[in-house]
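To start, the structure itself, in structure tokens.
Bear in mind these aren't lab numbers, they're just calculated from the coordinates by the rules spelled out. As the structure is a prediction and not an experimental result, all values here were calculated from the model. FYI the Cβ positions are ideal-geometry reconstructions off the backbone, even for glycines, and counts take in every protein chain you see.
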Amino acid sequence: MTGSPAENYGFPRSSRLIKSADFGVILRTRNAQSFRVHSAYFTAGCLENSELCRVRVGITVGKRNAPLSVDRAIVKRALREAARLRLPELREILASRNCGLDISLRLKTELSSLGASSRSSLKEKLHADAAVLLETVVRRADQRRKAQPAKEGKI
């Protein structure tokens, strides 16, 4: 296999949520196919879809929580990096469930409340919290995969 590791963990358009309607469905849906995960700075809304092993990730950073465009870009970059590194693991878990997953990642706290003294310390905090959030999403998806056969056997 040739290429750098970055090429093997790409984040193509097919792995992203693009349409605002898709984001809306994830935010409005609350049923057995959806779950939410929270970390200190971020929220992830997850919704199972019928497309086999397809994981799509969308990122939302509002002006209220990050007023400067530079800060919004930093937040999006941190979330994108964490998601990009977890996509293969999520696909593997979802392959055993024969389903896909749409994930909406959102900044939930104001950046000014993080107490970061510089942009580099802000980046470190965001990267660490984004990694924790995506690890929790992977764990929850795996727990749901393990719980699914037990429920099917009872029907």
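What the table below lists for this structure:
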| read-out | value |
| --- | --- |
| Above-threshold pairs, the threshold being 18 Å between Cα atoms, out of LYS19/LYS125; LYS76/LYS125; LYS19/LYS123; LYS108/LYS146 | LYS19/LYS125; LYS19/LYS123; LYS108/LYS146 |
| Highest-fluctuation residue, LYS123, LYS108, LYS19 considered, GNM on the chain with Cα pairs under 10 Å | LYS19 |
| Selected from ALA66, ALA83, ALA130, residue furthest toward positive end of dipole (the chain; charges at beta carbon) | ALA66 |
| On Cα atoms only, tilt of 69-97 relative to the major axis of the chain in degrees | 20 |
| In degrees, nearest ten, helix 119-154 long axis to first principal axis of the chain (Cα) | 10 |
| Pairwise FRET efficiency - SER20 versus ALA131, Cβ, R0 = 35 Å, nearest 0.05 | 0.85 |
| Point-charge dipole on Cβ atoms (K/R +1, D/E -1) for the stretch 91-138, about Cα centre, debye to 20 | 100 |
| About the Cα centre, charge dipole magnitude for the chain (Lys/Arg +1, Asp/Glu -1 at Cβ), debye | 380 |
| P(r) of the chain over all Cα-Cα pairs, binned every 10 Å from zero, in whole percent | 10, 39, 33, 14, 3, 0 |
| Sequence-distant residues sharing a close amide H with GLY58 (under 5 Å, placed H) | LEU17, ILE103, SER104, LEU105 |
